[in-house]
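Enquirer: The structure under discussion is supplied below as structure tokens; questions concerning it will follow.
The values are calculated or read from the model by the stated rules, or taken from the named source; none is laboratory data. If you're wondering where the values come from, they're calculated on a predicted model, not measured in any experiment. With ideal geometry, Cβ positions are generated from the backbone for all residues, glycine too; neighbour counts draw on all protein chains shown. What goes into the accessible areas is simple: the full protein's heavy atoms, side chains included, and nothing from ligands, DNA or RNA. Shrake-Rupley method; radii C 1.70, N 1.55, O 1.52, S 1.80 Å.
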Amino acid sequence: MTMTLTKAARLALVLAIPGLVLIGCGRKGDLDRPGATTINTKAPAGTVEEKATVEDRPFLLDPLL
């Protein structure tokens, strides 16, 4: 049983699509470590501006991370 070029291309496409979908999964947000303070040049020295908190919504693939 030989695999033609069209069947091989179709199989590669079917296997590549889930991988591309999973690559796009992730969380939006900055890359700072938790608890890191940001530098605010507009505030007076010695004051810390609180970041806006974002609701942590569970995601289907969180247990894998």
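Enquirer: Based on what the data block shows, is Ala8 modelled with pLDDT of 85 or more, of a type in the set (Gly, Ala, Ser) and on the phi < 0 side of the Ramachandran plot?
Expert: On the way: modelled with pLDDT of 85 or more: yes; of a type in the set (Gly, Ala, Ser): yes; on the phi < 0 side of the Ramachandran plot: yes.
It is true that Ala8 is modelled with pLDDT of 85 or more, of a type in the set (Gly, Ala, Ser) and on the phi < 0 side of the Ramachandran plot.
Enquirer: Okay, moving on. Pairs, please: C-beta under 8 Å, at least 6 apart or cross-chain, first residue farther than 27 Å from Asp62 by Cα and in region 1-24, second assigned to a helix (DSSP H, G or I) and at pLDDT 90 or above?
Expert: Hits for this filter: Met3/Leu11.
Enquirer: Can you pull out the residues in region 34-58 that are open to solvent by 100 Å² or more (accessible area, probe 1.4 Å) and modelled with pLDDT of 70 or more?
Expert: Scanning region 34-58 gives Glu50, Thr53, Val54, Glu55, Asp56, Arg57, Pro58.
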